[in-house]
1. Mind giving me the nanometre distance, one decimal, between the label points for Lys194 and Asp29, set 7 Å out from Cα along Cα→Cβ?
2. May I ask which of Lys13/Lys132; Lys132/Lys173; Lys42/Lys114 have a Cα-Cα span longer than 31 Å here?
3. Compute the Cα gyration tensor for segment 114-210, then decide on rounded, prolate or oblate, letting a ≥ b ≥ c be the square roots of its eigenvalues: rounded whenever a/c is under 1.5, prolate when a/b is larger than b/c in the other cases, and oblate in all that remain.
4. Specify whether the C-alpha gyration tensor of segment 14-53 places it in the rounded, prolate or oblate class, a ≥ b ≥ c being the square roots of the eigenvalues: rounded for a/c under 1.5, otherwise prolate if a/b is larger than b/c and oblate if not.
5. Compute the label zone of Val110 within segment 179-201: residues whose backbone N is under 18 Å from the point 7 Å along Cα-to-Cβ.
6. Just to be sure I follow: if Rg is taken over the C-alpha atoms of segment 145-189 and Rh is the Kirkwood radius over the same atoms, what is Rg/Rh?
7. So how much slack lies between Ala22 and Ser99, counting 0.36 nm per residue of separation and subtracting their Cα-Cα distance, in nm?
Amino acid sequence: MPDSFRYHIRPAKSSDIQQVTALAIEGLDSDDLFNYNFPHRKEFPDDCHLAWYRIFESWLYIPRTLSLIPGRLDLRVRSCSWLIAKLYPKSINRHSSPSHIANFRASLDVIEEKYWQTQYRESLHLRALATKPEFRQKGIATALIEWGLQRSRTTGLVAGVESSEMAKGLYSKLGFQTIGYEELRDEMDAVQVKTWVMVWGADVDREGGS
Ligand SMILES: CC(C)(COP(=O)(O)OP(=O)(O)OC[C@H]1O[C@@H](n2cnc3c(N)ncnc32)[C@H](O)[C@@H]1OP(=O)(O)O)[C@@H](O)C(=O)NCCC(=O)NCCS
């Protein structure tokens, strides 16, 4: 039995959200996309924490979306997700880069239209996986990913992810295949981040190389 099956994985509850937020911010510190979108988070840690707390909290109310611990993972059946509008006071997002966030959102729209709304419309989707640096290389992310792959096996649905450069090798090792990529650029038009679109359990038309 793989090491990864030693870890107990359970859905996060509302009482976990503070801890999940702290863990995600720490874990995602080594993610180039996180650095690109939130370059000022060390100067404005409270803004960053509050913004992410709200995101994780809102995910508790999205049907068919589960945040799992340890680590964090959002797995959704794309065709069946709802967004619950909540009344929040306006956020102060001094930790983020508005232009980079706009680029990121535009890239997600492209990926959504090109892949997730076309041949992979019916898919399970993994979003924003992170583990704490001191607990890495122990199979925790593998266990979180396997949790979803097991549901892909039983439902026959493809699993999809937009991977960071850092996680790409791990997804490949677990059987994901690259079907495309998106590049995020800075104000000088230099590529800062590459996001890899990967799927598991499908016959793929490769476009983005490996
Ligand atoms: C990418 C990330 C989630 C991986 O988390 P992790 O818990 O270290 O992942 P695992 O331990 O399951 O696997 C990592 C490696 O350890 C290996 N490993 C797994 N179990 C192991 C064990 N018991 N002993 C030693 N190595 C092990 C895996 O085979 C894998 O090998 P690789 O480096 O060749 O890919 C983590 O590095 C992270 O949070 N990065 C920053 C955020 C990020 O990039 N997230 C991805 C967004 S899509």
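Read-outs: derived from the displayed coordinates by stated rules, not from any lab. Just so you know, these numbers come straight off a predicted model, no measurement behind them. Using ideal geometry, Cβ is built from the backbone for each residue, glycine included, and neighbour counts are taken over all protein chains shown.
1. Modelled inter-label distance: 2.7 nm.
2. Check vs 31 Å cut-off fails for Lys42/Lys114.
3. Because a/c hits 1.5 or more and a/b fails to exceed b/c, segment 114-210 counts as oblate.
4. Oblate.
5. The answer is 179-199.
6. 1.11
7. Contour length minus Cα-Cα distance gives 25.2 nm.
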